Every structure is written in C-alpha cells, then in structure tokens.
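Working notes, beginning with the structure itself.
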Number of protein chains: 2
Amino acid sequence: MQMIKAKEQRLEQLPIFWMEQIVRRYRQVATQALGAEEAGLSVDQWVVLKQVGENNGCSQVEIGNSTVKDAPTTTRIIDQLVNKNLISKQLDPEDRRRYMVFLTEKGQRLIDRLLPVVQEYRQIPLQGFSETEQKQLLENLKRMLHNLA
Amino acid sequence: MQMIKAKEQRLEQLPIFWMEQIVRRYRQVATQALGAEEAGLSVDQWVVLKQVGENNGCSQVEIGNSTVKDAPTTTRIIDQLVNKNLISKQLDPEDRRRYMVFLTEKGQRLIDRLLPVVQEYRQIPLQGFSETEQKQLLENLKRMLHNLA
DNA sequence: TTTAATCATTTGCATTTACAACTATTTTAA
DNA sequence: TTAAAATAGTTGTAAATGCAAATGATTAAA
C-alpha cells in the first residue's frame, strides 16, 4: 500500500475561508444599509426584532433558538431592543422563570420601514444565481453544518 | 405590470444564516482539535504561522493579504507568535518601514506536528462531497463574495 | 529640495463573542 | 414532601474584531 502525501491545501481551496469573508463582507453591507436608515439598529438587533414580530409573546429561549444565538447574547440584544422601546418583556404568569416578549407599535413601525431595505441587501450576494443554484447551495450548506454537528 | 409582494424570507432560506453557523461551528471544532495538541495555538495563530512558513521572509502586509486579516489583527497575531518563539521579525534593511517575518525552528517543528491534525479537521465539513461538488461549491462562494465586493 | 502623499506598522477603543458561573423557578423522583 | 435535576434568564470576564488615528519611513510632485 503506497503512501500518498496529502495534497497541501491552500487557504483559497477551503470553503470556510471564503465563507468567513462572505459573512464579514455581508455584515458590512447590512450594517451600512441599516445605518443609512438612521434607525440605530445593528444587524443582530434587526434579526431579533423581526423574529419577535413573527413570534409575538414567545420566550427568550425561543428567540435564541430561532436566531441561533446563545442565551447571554439573546438576553443582551433583547434588553437593547427593550431600551429602544421596540419590544417589551413581561413575566409569564404561568412560569415565572420565563419572560414573554412582545413587539411594540414603535417596533412594528420600524419593521415596516426597514423591511424593504433588508430585502434589498439580502439579495445582493445571490445576484445571478438561478433558483436551482440557490436551492443546491442551501442543501450543500446544510450538509456541511450537519457534518460538523 | 402587477406588483408581486416579495416573498417573506425566513432565516433558514438565507445562505448567510447557515454560513454563520458553519463558520462558528468549524471554529469550535478546529479550536478543540488544536487545543488537544497542547500547543497553545489559536486557529488564527495557526493560519498565520503556516502562512509565514510558506512565505518565509515576507512582510506583515503580505501575511495580512494572504490570510485576509486587517493590519492591526495581523500585527497582534504575529506578536503572539513571536512571543511564543515560533516566528521572528527583523527590520527590512531595504525599507525600514517593513518587518520581514521568519519561521523559527521551533515554529517549523510545530507546523510539522500540527499539520496532520489540521488536515484532519479541515476535511470534516466536506465529508461526502464529491470533487465536482466541492469545485462547484467553491465557485458559488467566489461568486457570492464577488457580488458583495 | 521641500512638501505632500503614500505606505507599513502600531496603538487605542468600543463592540462583540464565547464560556462559565450564578440566581430563581419549576419539574422529577425518591 | 422534600431533595435533586433541569430550565430560563442574567452577569462577569477574557479574548477577538473592526475602525480610527498615530508614528515613522519612503516616494512623488511641485
């Protein structure tokens, strides 16, 4: 059995290497687009805000799960949004460990205003990708994450 | 011309959403694998160390370019590696703004020791991907980054 | 040649992040 | 019913990151 020396991998051949750049650059684009709206909202704050809007009254754990952020991060982002009066928290009378999180009217108005902006920058990275290519890409990414789990 | 309401995008339909998780999870796997070697080396430190090894005597700017890290980050990682005696810096007599960066013997030995470990965890995310799929994935990622540039 | 512009590197700072530890509450099970 | 385990959320901290600005050196231009 012959030993074959493993091919030296250059960084540019590693998907992760590119993904890191894409994620970083995308964040810059998103941050800039949100910043231009003078809403004082970070990308993460937007994601959580939107998620609260779609799951009004849910717990922080649920928000953390759906946005894939850990508990401390979720707590802090939610507090930031509460301080901006975009959402509110209220102790769950059924389970006094939990807080139920609600969108405020101000929060709803902000979502309505920012949604078009977000939808615009979200399509930037996939410009020129066919539906098929997008689906395929998503599948590949899910496979990669599954491999790492 | 009829207005079509943009499809509400869920997070799970965004490639970036998955990429963030993949990158984070991959870092955990890599950090753990390196940690198990008791080398006291972070993932970023490894990448820079390896890059210095492949470009012995080059400047910090060049290291930063090849690893896609900004100047302050590059400076700090290089200093960490210098403190561990894995690399050394030396003023370039031709251009006294630049430092030339060299691998030490200790650095070379560490690379030799860690390389198999790194090659092992690097292939984890792509398990089950054919050559063709890997090439295609890389192409797609490059396209995405290009769209964002 | 002197000034201005550019370049390589460093420093400082504000923000983010991951991780561990802690409190309070509820659930489980002995 | 009471002790142990699990759950929801919070706090603290060390490290990483991104950005802006500063320093020292070189190059380009007036």
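The values are calculated or read from the model by the stated rules, or taken from the named source; none is laboratory data. Note that the structure is a prediction, hence the values are computed from the model and not measured. Every residue, glycine as well, gets a Cβ built from its backbone with ideal geometry; the counts of neighbours run over all protein chains shown. Please note that ligands, DNA and RNA were not included when accessible areas were found on the heavy atoms of the full protein model with its side chains. Shrake-Rupley method; radii C 1.70, N 1.55, O 1.52, S 1.80 Å.
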Query raised in the report: Which percent of the accessible heavy-atom area of the range B:28-124 goes to carbon and sulfur, probe 1.4 angstrom?
Result: 47
Query raised in the report: What FRET efficiency do you get for A:Q9 and B:Q13 if R0 is 35 Å and r is their Cβ-Cβ distance, rounded to the nearest 0.05?
Result: 0.70
Query raised in the report: Just the C-alpha atoms of the range A:41-121: what Rg/Rh do they give, with Rh taken as the Kirkwood radius?
Result: 0.96
Query - the range A:84-147 and the range A:6-37: distance between their alpha carbon centers, rounded to Å - result: 20
Report summary line: With -39,500 (n - 2.57) per DSSP H segment of 4 or more residues and division by the full residue count of chain A, the 222 nm estimate, nearest 500 deg cm²/dmol, is -20000 deg cm²/dmol
Query raised in the report: Relative to the other copies, what are the label-point distances for B:R24, with labels 7 Å from Cα along the C-beta vector, expressed in nm at one decimal and sorted shortest first?
Result: 1.9
Query raised in the report: How long are the semi-axes of the ellipsoid equivalent to the protein assembly as shown, from square roots of 5 times the Cα gyration tensor eigenvalues, in whole Å, largest first?
Result: 40, 23, 21
**Report entry** the range B:5-110: trypsin sites (Lys or Arg not before Pro) falling in loop per DSSP and having at most 12 other Cβ within 10 Å
**Finding:** B:K5, B:K7, B:R10, B:R96, B:R97
Query - Restricting the range B:56-149 to GluC sites (Glu not before Pro) in coil, as DSSP defines it, with at most 13 other Cβ within 10 Å - result: B:E94
Report summary line: Rg/Rh over Cα atoms for the range B:76-126, Kirkwood Rh, comes to 1.15
Query raised in the report: Probe 1.4 Å, all protein chains in place: accessible area of B:I77 in Å², nearest 10?
Result: 10
Report summary line: Output row for B:Q134: copy-to-copy label distances, label 7 Å along Cα→C-beta, ascending, in nanometres, one decimal, is 2.9
Requested in this report: Once you've got the Cα coordinates, tell me which of B:K69/B:K135; A:K84/B:K69; A:K69/B:K50; A:K135/B:K135; A:K50/A:K135 are over 27 Å apart.
Outcome: A:K84/B:K69; A:K69/B:K50
Report summary line: Result for the protein assembly as shown: accessible area per residue, probe 1.4 angstrom, in square angstrom, of 58
Query raised in the report: Quick one: in chain A, whose Cβ comes closest to the A/B rotation axis, and how close in angstrom?
Result: A:M19, 2
Report task. Taking the dipole about the Cα centre of the range A:41-121, with the C-beta of Lys and Arg at +1 and of Asp and Glu at -1, give me whichever of A:N85, A:T104, A:P116 is farthest to the positive side. Result -> A:N85
Report summary line: The set of residues whose placed amide H lies less than 5 Å from the amide H of A:R98, leaving out same-chain residues fewer than 5 positions away, is A:D92
Query raised in the report: Amide H to amide H, which residues 5 or more places from A:I87 or on other chains are under 5 Å from it, using H placed in the peptide plane?
Result: A:V82, A:T104
Query raised in the report: Can you list, bin by bin at 10 Å, the percent of alpha carbon pairs in the range B:4-81, starting at 0?
Result: 16, 34, 27, 13, 8, 2
Requested in this report: Note the buried accessible area between A and B here, summed over both chains, with a 1.4 Å probe, in Å² to the nearest 100.
Outcome: 5200
**Report entry** FRET efficiency, 1/(1 + (r/R0)^6) with R0 22 Å, evaluated for B:S42 and A:V68 via beta carbons
**Finding:** 0.45
Query raised in the report: Taking the Cα atoms of the range B:30-70, what is the range of coordinates along each of the three principal axes, in descending order and whole Å?
Result: 30, 19, 11
Requested in this report: Along Cα-to-Cβ, 7 Å out, sits the label point; list in nm, shortest first, how far the one on A:A149 is from those in the other copies.
Outcome: 3.5
